[in-house]
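Worksheet: one structure, shown below.
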Amino acid sequence: MQSSRPLLLLVLFLGSSLCAAEPPSFRNTIQPILTRYGCAMGACHGAAAGQGGFRLSLRGFDDEGDWLSITRSANGRRLTLEDPARSLFLLKAVKAVPHKGDKRFEVNSPEYKAIVDWIAAGAPGPKAEDPRIVSLSVSEPHLVTQAGKSVQLKVTAKFSDGHSEDVTRWCKYNATNASVATVDDSGLIKITGAGEGTVSAWYLSLLSVTNVVVPKPGKPDTEAFAALKPRNFIDEHVLTKLRELNIPPSGRATDAEFLRRAFLDTIGVLPTPEEAKAFLADQAADKRDRLIDTLLKRPEFVDYWSHRWSDLFLVNGDKLMPQAMWSYYNWIRRHVAANTPWDAMVRDLLTATGSTLEHGGGNFFILNDEPTKCAETVSVAFLGTSIGCAKCHNHPMEKWTYDQYYAFANLFARVRTKNGTQADERVLFSDTQGDLVAPLTGKPQPPRPLDALQPVSMTSTEDRRITLANWLTSADNKLFQRAIVNRVWANFFGSGLVEAVDDLRVTNPASNEPLFAAACEHLVKQKFDLKALMRTILQSETYQRSSITLPENISDLRYGSHYVPRRLKAEVLLDTVSQVTAAPTTFKIDRRNANRGTADAYPMGFRALQLPDSNIASYFLKSFGRADRVATCECERTNEPSMAQALHIANGETLNQKLAQKDNRLDALLSSKQPDAKIIEEAYLLTLTRAPTDRELEKATALLTTAKPEDRRVTLEDLFWSLMSSKEFLFNH
């Protein structure tokens, strides 16, 4: 007995050591492998219906469900606990048996060994006490390098129990701009060319991003940059970015270019010839600032921005009865006219109660009449981010989870409506009971704003929208600030600091993050006064740069080295055509879509930007990309040129009929008895907001002067048509 004690102690020691060894965690080890190697992706078993009878959740968002699918479905045939290497789950992954998904990893690789150890331990499922990932970071969050270089990323995950792990091997990588950088499955970044791009690392539903900056080759022109004088914080951040990328900026726009640009971007109309002459003749140094202040106070400003926000809030006569539609539109106009701070306007919208005819903002909930629809619209409109993917599974490109989606949507579960005393009236109120059930769990999630720490009490009878509005409009809510700053920025520059405008997510970073943060800080300091933000943008040297490019900045479309020309919006273009020709458009209501009403057309003199509704029977507006106001998405509107647009300008009814109309602008010019040269100058000021060059004046005057008396009007029509069909007229530049 004495001689067997050492052997017994050794057996007991080894046994206790084996018992103490933790098996691989299904949640934190197996799931990342399934995602990293594509098994849980949409093209494989992560598809809605799975593949080959085997289904996993997309990117492993459902730990419990995936564990049951692997260990219990198909009578548990995928695992062989007594001999893990013979498990079908492993044999297919290493292609020891036929597998349509091909080989995923090698025998005896770390992935293989982890799965073997997990099966050998009895394939334990996810546990409530499992450590949860709390953060993910990359070794090179901001990488400035040169073409031809390679950089190996290191990714570190931190968990709720305090420990950190190097998870570089287990991450899923993606590069957004292959012309700048690519990344392989191991996290090795290869720099391919100049510019800026991002590389994202995804692990356990979290993302971390590396911003890759590759300056243009060549010696920086430090003297040229040093000579530039920034007007405000916008210019400071833009110049810093341009220096980093070695992109020289263009010069300042001429007074004529700035005048036309500022009018179109701020109020959507052209300056009159008299306004143009006065501005161009003014020699004062502050004339641009004075013009900006004037534009922000003009009545056309209310028309322009009411139309802009009507697109966002989906004012639509197809979805609302006539009185309700007008009530909704007039609610927007009143706030724009009063320059209501954006946070107050949004709060008023989201907490609306009572009659939708008296409180027009309440029609937002008539249009979004279901909790999940409310949640998705609010997230896009006011947070600039889509959470729709999380309705079925954790968002594959963002941090939003399935549970967060239903907790957010549950904030709207008690919004109710009832009939009012008038025909088109609905009365909005908040009920004291009712919750939204999440389909996967069969239970409601405690209502909670997306990033809020504490949920709303399930038993509280307070209107949950008040909690939502407090969180949403808080000065600490960065997404709320970024969403509106990005929309305003896109209006003046043609694209947002983040593009697409309503696609604010970690994997889609801003073109200039320090500038974006500074603009948001500025908005908060100005108490969400959008006019103050617009004034700062309009005053910046960045906005006032010429659209004429240099060879070194011709490819820049997002960093502010020059103003990027863009085609006028559909409504603005139609209004300018009417303005130039002095031939108003008659807008007919589209009876195929609109709800019942009495009038078939809006009164003569209505401009397109004054229309409350999108249900207008207009081939021109449709062809030039107006928003239909069906969904809250910038993608509804397009400014992209098309063949239909070109043909309509060349030979369509709109331009030709307005030019041929009797008693229009052309008739007024011809009857004014002005010299032909003055008529030509007036035509150029009306259309292009500039005087003709000497060559243009000479040729156009000769055409008009030599025309027969009966041909003078046709000749002037041709001249106006040539000006209004030019890129200089059709584009803001």
Among the residues listed as ASN316, ASN339, the single one being assigned to a loop (DSSP other than H, G, I, E, B) and either buried (at least 22 other Cβ atoms within 10 Å of the Cβ) or of a type in the set (Lys, Arg) (or both): ASN316
Answer from ARG535, ARG505 - the residue that is out of contact with any Asp or Glu (no Cβ under 6 Å at 6 or more places or on another chain) and among the basic types (Lys, Arg): ARG535
Checking ARG695 against (1) over 23 Å from ALA256 (Cβ atoms); (2) free of Cβ contacts under 8 Å to residues at least 24 places away in the same chain, the condition it does not meet: (1)
Hey, THR156 at pLDDT 95 or above and either in the same structural domain as ILE554 (by TED's automatic domain parsing) or touching a strand residue (DSSP E or B) at 6+ places or on another chain (Cβ under 6 Å) (or both) or not: yes
Scope the range 428-451; condition part of a loop (DSSP other than H, G, I, E, B) and either more than 19 Å from LYS418 (Cα to Cα) or touching a Cys at 6+ places or on another chain (Cβ under 8 Å) (or both); matching residues: LEU436, PRO439, LEU440, THR441, GLY442, GLN445, PRO446, PRO447, ARG448, PRO449, LEU450, ASP451
Filter result (free of Cβ contacts under 8 Å to residues at least 12 places away in the same chain and either within 19 Å of ALA352 (Cα to Cα) or not β-branched (Val, Ile, Thr) (or both)) within the range 289-324: ARG290, LYS297, PRO299
Residue satisfying condition, being in contact (Cβ under 8 Å) with a residue 12 or more places away in the chain, in a loop (DSSP other than H, G, I, E, B) and farther than 18 Å from PRO273 by Cβ, within set THR638, THR654, THR705: THR638
Criterion (among the hydroxyl-bearing types (Ser, Thr, Tyr) and either free of Cβ contacts under 8 Å to residues at least 12 places away in the same chain or in a helix (DSSP H, G or I) (or both)) met by exactly one of SER250, SER327: SER327
Filter result for PRO514 (within 22 Å of the chain's Cα centre (by Cα), under 19 Å from ILE234 (Cα atoms) and of a type outside the set (D, E, K, R)): yes
Among the residues listed as THR638, THR693, THR632, the single one being more than 38 Å from the chain's Cα centre (by Cα) and of a type in the set (Val, Ile, Thr): THR693
Out of GLN526, GLN544, sole residue that is crowded, with 18+ Cβ neighbours inside 10 Å, on the phi < 0 side of the Ramachandran plot and outside the structural domain of SER200 (by TED's automatic domain parsing): GLN544
Filtered residue count, the range 144-153, keeping only those that are buried (at least 16 other Cβ atoms within 10 Å of the Cβ) and either touching a helix residue (DSSP H, G or I) at 6+ places or on another chain (Cβ under 7 Å) or at pLDDT 95 or above (or both): 2
Selected residue [surrounded by fewer than 20 Cβ atoms within 10 Å (Cβ to Cβ) and assigned to a helix (DSSP H, G or I)] from ALA278, ALA262, ALA285: ALA278
Count of residues meeting criterion [in contact with a Gly (Cβ under 7 Å, 6 or more places away or on another chain) and among the hydrophobic types (A, V, I, L, M, F, W, C)] in the range 40-69: 5
Given (1) surrounded by fewer than 20 Cβ atoms within 10 Å (Cβ to Cβ); (2) part of a loop (DSSP other than H, G, I, E, B); (3) touching a residue at least 12 places away in the same chain (Cβ under 8 Å); (4) out of contact with any Gly (no Cβ under 7 Å at 6 or more places or on another chain), number of the condition PRO603 does not satisfy: (3)
Unmet requirement for LEU56, which otherwise passes all of (1) closer than 22 Å to GLY38 by Cβ; (2) modelled with pLDDT of 90 or more; (3) in the same structural domain as ARG36 (by TED's automatic domain parsing): (2)
Pairs with Cβ under 7 Å, 6+ apart, first in the range 256-267 and over 14 Å from ASP289 (Cα atoms) and in contact (Cβ under 8 Å) with a residue 24 or more places away in the chain, second assigned to a helix (DSSP H, G or I) and charged (D, E, K, R): ILE267/GLU300
Filter result for the condition that a residue is modelled with pLDDT under 95, within 16 Å of ARG308 (Cβ to Cβ) and surrounded by 18 or more Cβ atoms within 10 Å (Cβ to Cβ), over ASP613, ASP575: ASP613
Answer residue from the range 472-498, given it is in a loop (DSSP other than H, G, I, E, B) and surrounded by fewer than 18 Cβ atoms within 10 Å (Cβ to Cβ) and is nearest to the chain's Cα centre (by Cα) among those: SER495
Where ILE267 falls short, out of the listed (1) more than 22 Å from PRO565 (Cα to Cα); (2) within 31 Å of the chain's Cα centre (by Cα); (3) at pLDDT 95 or above: (1)
Close pairs (8 angstrom Cβ cut-off, 6 or more residues apart or separate chains): among the acidic types (Asp, Glu) in the range 365-389, outside any helix (DSSP H, G or I) anywhere: ASP369/THR417; GLU376/SER386; GLU376/ILE387
Evaluation of LEU91 against (1) closer than 18 Å to GLN31 by Cβ; (2) of a type outside the set (Asp, Glu); (3) part of a helix (DSSP H, G or I); (4) modelled with pLDDT of 90 or more (one fails), failing number: (1)
Test result for LEU411, in contact with a helix residue (DSSP H, G or I) (Cβ under 6 Å, 6 or more places away or on another chain), of a type in the set (A, V, I, L, M) and either in a loop (DSSP other than H, G, I, E, B) or assigned by TED's automatic domain parsing to the domain that holds GLU462 (or both): yes
Complete set of residues in the range 342-357 that are closer than 21 Å to ASP424 by Cβ and not in a helix (DSSP H, G or I): ALA352, THR353, GLY354, SER355, THR356, LEU357
Counted residues, the range 658-695 - those being under 28 Å from PHE620 (Cβ atoms) and surrounded by 12 or more Cβ atoms within 10 Å (Cβ to Cβ): 22
Positions within the range 27-56 being of a type outside the set (A, V, I, L, M), surrounded by fewer than 23 Cβ atoms within 10 Å (Cβ to Cβ) and closer than 19 Å to TRP400 by Cα, in sequence order: ARG27, ASN28, GLY42
In the range 179-198, the residues that are of a type outside the set (S, T, N, Q) and touching a Gly at 6+ places or on another chain (Cβ under 8 Å): VAL180, ALA181, ILE191
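The values are calculated or read from the model by the stated rules, or taken from the named source; none is laboratory data. What you see is a predicted model, and the numbers here were worked out from it, not measured in a lab. Every residue, glycine as well, gets a Cβ built from its backbone with ideal geometry; the counts of neighbours run over all protein chains shown.
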